[in-house]
Structure formats: structure tokens, C-alpha cells
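Below is one structure, written out as C-alpha cells; comments come after it.
The values are calculated or read from the model by the stated rules, or taken from the named source; none is laboratory data. Note that the structure is a prediction, hence the values are computed from the model and not measured. Reconstructed Cβ throughout: ideal geometry from the backbone, glycine too, with neighbour counts over all protein chains shown. We work out accessible area using only protein heavy atoms, side chains counted, and drop any ligands, DNA or RNA first. Shrake-Rupley method; radii C 1.70, N 1.55, O 1.52, S 1.80 Å.
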2 protein chains.
Amino acid sequence: MKYPQVINDLIESFKKLPGIGEKTAERLALFTLNLDQEVLDVFSTSLKEVKKRVKRCNRCNYLSEQELCVICQENATRDNRTICVVEDVKIVTLFEKMGGYHGLYHVLDGLISPLDGINPEDINLESLLERIRKENIKEVIIAVKPSIEGETTARYISKILEGMDVVVSKIAHGVPIGIDMEYIDSLTLEMALEDRKSVA
Amino acid sequence: MKYPQVINDLIESFKKLPGIGEKTAERLALFTLNLDQEVLDVFSTSLKEVKKRVKRCNRCNYLSEQELCVICQENATRDNRTICVVEDVKIVTLFEKMGGYHGLYHVLDGLISPLDGINPEDINLESLLERIRKENIKEVIIAVKPSIEGETTARYISKILEGMDVVVSKIAHGVPIGIDMEYIDSLTLEMALEDRKSVA
């Protein structure tokens, strides 16, 4: 491409991001010329430092710039007896946006998937056990996606927690709000039917 | 959002780019954690420097880090008697990728659009006239999109070039290759019909 080198570098950089192909990368790279220098400076500095500054929380494995993440630091206002187990840091944000949950989290590094070579010892489960023992946890809520890997992980967790003084639950799966019934896949419908509740 | 500050900064930065909303920005910002530090460094430096390094070519107004852009610097291998007038730097790349054009370019700063307050004097036409006078140009090919603004601009150019020793042409509009006829809009079909060629 006959762009100045710095534009070509930007195109290549944008292309390394997920879902951004040649055309979009070109459009984004050229668009940067329209941004204010201050905006570009913040963008530039953040990119340079993101990996150096962002670590994992020592306790729950969520993203953090300190030893403990912002959520674990909220100790006083949180229900410290409940842990919600999620597969990804993004799900923590989803719960926090929702706002109806006030317990702690435990972020796994993925889900158990023997076919992909991901075994229980690879996904940060050891530290979950340790937390339950040390932190006097009363309930573990498993909030993983309804898939084979999700089910496997949920069952594995509930199995290793057997005999410990902790309630293990799983978030409900079923028909989401605001969707036309006709677009629901059969598996979801089956789960919704199975988990039906009496209309009281 | 309860992300570390540097992640929030990245999300805000990505959101300033066209076509990138909240969700995508979040996904891209988190993805940067998976990139190598060297990749992030190149990305970061390019963003910081892009506006400082990229100027416009003094002759044709294409992007350039020097006085003259790479295309104008190719003088010896180019047809220096032909100028292709385009509305945007991206169109130059499109032509260069195609490879079948070997003349020079002249990049306008948009198209004439009185309704949007864009008048002939706003779109870098004065320097086109100057080039035609000084550079002994024989043909001006107008390659703007078939729209009201494109037509207005094309007619305006051809009008101001009247009486000068230069051929003014316009790229053909019609049915593009590889598309099902049924998806062609009426205006395109009308132009394709009007510009029909005898099958010889």
C-alpha cells in the first residue's frame, strides 16, 4: 500500500485486533488523523502500559492494578460469604452492571474442555477451594454458559465441593426476556421447560 | 465500569473510532492484554506520531511524510500528462491496488455541496487549475462517485477547464462486475443504459 509508513503501521496494528479486517483497519487508521492529539496521546499511553499495569487480583483473579481488585477492596459493603464463579473477566462487568449481586467473584481461566486439552488443574480451581476453606464461604454460585464445557465445569466444581459446608448453585438457563419465542433454539427451550416454576 | 483505569481509558479511546460502540470497545480493550508488548509498542508509537508525521503532498494533496508523496516521487515511471481527480485519499489507494492507472492524482478535500456549505473554493480546486497550467497536463480524469455532489463537482471542473488545452473525462458508471442484475438500483441501471456501447 502506498500510504506513509506510519499509516501502514497503524493498519497492521488494527488488523491484529479481533474482527478487524484489511478494509476496516484502513478506515480506522486514516480516521486517527481526524482525532485530537490529546486523544491520540491517551490512546497511545494506554496501549503502551496496559500489559504492564494490569495484573490479576490475588484473591479472585479479576483484572487489577493492585494486589486486590476494586471489587475485593469493597469488602465492607459486599456479602463476603458468597462467591460467584465466572469463566471470564467480562462476565464480572456484566454482573456489576446488572447491580443486583453484592457477593464476591472468582474468575476461572476458561472452562474444562478435555478435547481442547483444558483440564481442571488449568483453570484456577485450586484457589477457589482454598478460598472456600479460608474465607468461610457459605454459597458458591456457578455462572457459566450453558454448553458442554460449562456443564462439565459446573459438575466438576459441585463434585469437589461435596462434603464441604457450602451451598452450590447454578444460575438459571431458559428463555431470555424480550425475545420472540420462535427464535429460541431447542436446547434452550428444553432447559426452560425442565426448570419450569409453578405460577403462584 | 469496574475495570482498571488503563482499561477504561482504552475503552474510551476505541469508542472514539468510527463504527466502534461500547461492547466492541470493551472487547478490543481487553484483547490488547493478549497482544505482545512489541506489537503494543508499535501501535502506541504510531498513534502518538501519526498526526505529526503525516502531511499532505504539496503537489497532489495525497498523504505524505515528505514534501512530495510517494506517487509524485515516482515521476520517471508515471504518465505525467494525466491527472486523476479523486475526492478522498482512500480512492488513490483503490486505483493503485487496481494497478491499471499510471498517471498522477489530485486529491480534493471533498465534493461541492452547497447544502452542506461546501463551495468550489473549499475543496482544493485552485491548485488543480494551477497544476494544469504549470505541468502541461493533457487529460483530467474525474473519478468521483455518482451522486448529486459528484455530478456537481464534475460539471464544475469541466466548466472551469473550458478553453484550456486539456481533455476532461469522467470514469464510467454502470452495472458492476459480479453482481446479480436484480440487485441493481434504478439510477445505476439508467446510467448503464444511457452509456451503452455497441457490441462490436
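Here's the picture: charge each Lys and Arg Cβ at +1 and each Asp and Glu Cβ at -1 in the protein assembly as shown, and of A:Pro176, A:Ile142, B:His106 the one pushed furthest to the positive end of that dipole is B:His106.
Placing unit charges on the Cβ atoms only, positive for Lys and Arg and negative for Asp and Glu, gives region A:63-198 a dipole magnitude near 540 debye about its Cα centre.
Partner shielding of B:10-18 amounts to 6, given as the average count of beta-carbon atoms from other chains within 10 Å of each residue beta-carbon.
Ranked from shortest, the separations from the 7 Å Cα-to-Cβ label point of B:Glu139 to its equivalents in the other copies are 7.7 nm. I need the calculated FRET efficiency for the pair A:Ala76 and A:Glu49, taking r as the beta carbon distance and R₀ as 41 Å, to the nearest 0.05. Efficiency at R0 = 41 Å is approximately 0.85. Averaged over the residues of A:67-76, the number of partner chain Cβ atoms lying within 10 Å of the residue Cβ comes to 1. Only Cα pairs under 8 Å and 6+ residues apart enter the sum, and on that basis the relative contact order of region B:63-198 stands at 21 percent.
Other chains near B:38-44: what is the mean number of their Cβ atoms within 10 Å of each residue's Cβ? Present the calculation step by step, with values, prior to reporting the outcome.
Values: counts 0, 4, 10, 3, 6, 11, 10.
Mean inter-chain Cβ contacts per residue within 10 Å come to 6.
For region B:5-53, the number of Lys pairs separated by eight or more positions or lying on different chains, with C-alpha atoms closer than 21 Å, is 6. Here the peptides A:112-118, B:110-116, B:74-80 are ranked by packing, the mean other Cβ count within 10 Å, and the order with the highest first is B:110-116, A:112-118, B:74-80.
How far, in degrees from 0 to 90, does helix A:37-53 lean away from the longest principal axis of the Cα atoms of chain A, to the nearest 10? Helix A:37-53 sits roughly 50 degrees off the main axis of chain A.
Looking at region A:63-198, the DSSP beta bridges with both ends there are about 5 percent antiparallel. Report summary: the helix-based calculation at 222 nm, which adds -39500 (n - 2.57) for every DSSP H run with n ≥ 4 and divides by the residues of the protein assembly as shown, gives -12500 deg cm²/dmol.
For the options B:Leu104, B:Leu40, B:Leu125, a Gaussian network treatment of chain B with springs between C-alpha atoms closer than 10 Å singles out B:Leu40 as fluctuating the most.
Quick one: helix B:89-98 against the long Cα principal axis of chain B, what's the angle to the nearest 10°, folded into 0 to 90? In chain B, helix B:89-98 runs at an angle near 70 degrees to the longest axis. Bridging of A:Lys2 to aspartates and glutamates at a Cα separation below 16 Å is possible for A:Glu12, A:Glu22, A:Glu26, B:Glu65, B:Glu67, B:Glu74, B:Asp88, B:Glu96, once same-chain residues fewer than 8 apart are set aside. For region B:21-89, with all protein chains in place and a probe radius of 1.4 Å, 49% of the accessible heavy-atom surface sits on carbon or sulfur.
For A:Lys55, the residues whose modelled amide H falls within less than 5 Å of its own, excluding neighbours fewer than 5 places apart on the same chain, are A:Ser64, A:Glu65.
What you get for region A:115-185, charging only the Cβ of Lys and Arg (+1) and of Asp and Glu (-1), is a dipole of about 360 debye around the Cα centre.
Highest GNM mean-square fluctuation among A:Ala154, A:Ala143, A:Ala25, for chain A modelled with Cα contacts below 10 Å: A:Ala25. For A:Gly103, nonlocal amide neighbours, meaning residues 5 or more places apart or on other chains whose placed amide H falls under 5 Å from its own, are A:Asp79. Under 13 Å of direct C-alpha separation, and excluding same-chain neighbours fewer than eight residues apart, B:Lys159 reaches these aspartates and glutamates: B:Glu151.
When +1 charges are put on Lys and Arg Cβ atoms and -1 charges on Asp and Glu Cβ atoms, the dipole computed for region B:62-141 relative to its Cα centre reaches about 420 debye.
Measuring from the axis that maps chain B onto chain A, the chain B residue with the nearest beta carbon and its rounded distance in angstrom come out as B:Ser44, 2. Once the Cα atoms are used to define both axes, helix B:5-15 deviates from the longest principal axis of chain B by about 20 degrees. DSSP beta bridges in the protein assembly as shown, what fraction antiparallel, as a percent rounded to 5? Beta bridges within the protein assembly as shown, antiparallel portion: roughly 20 percent.
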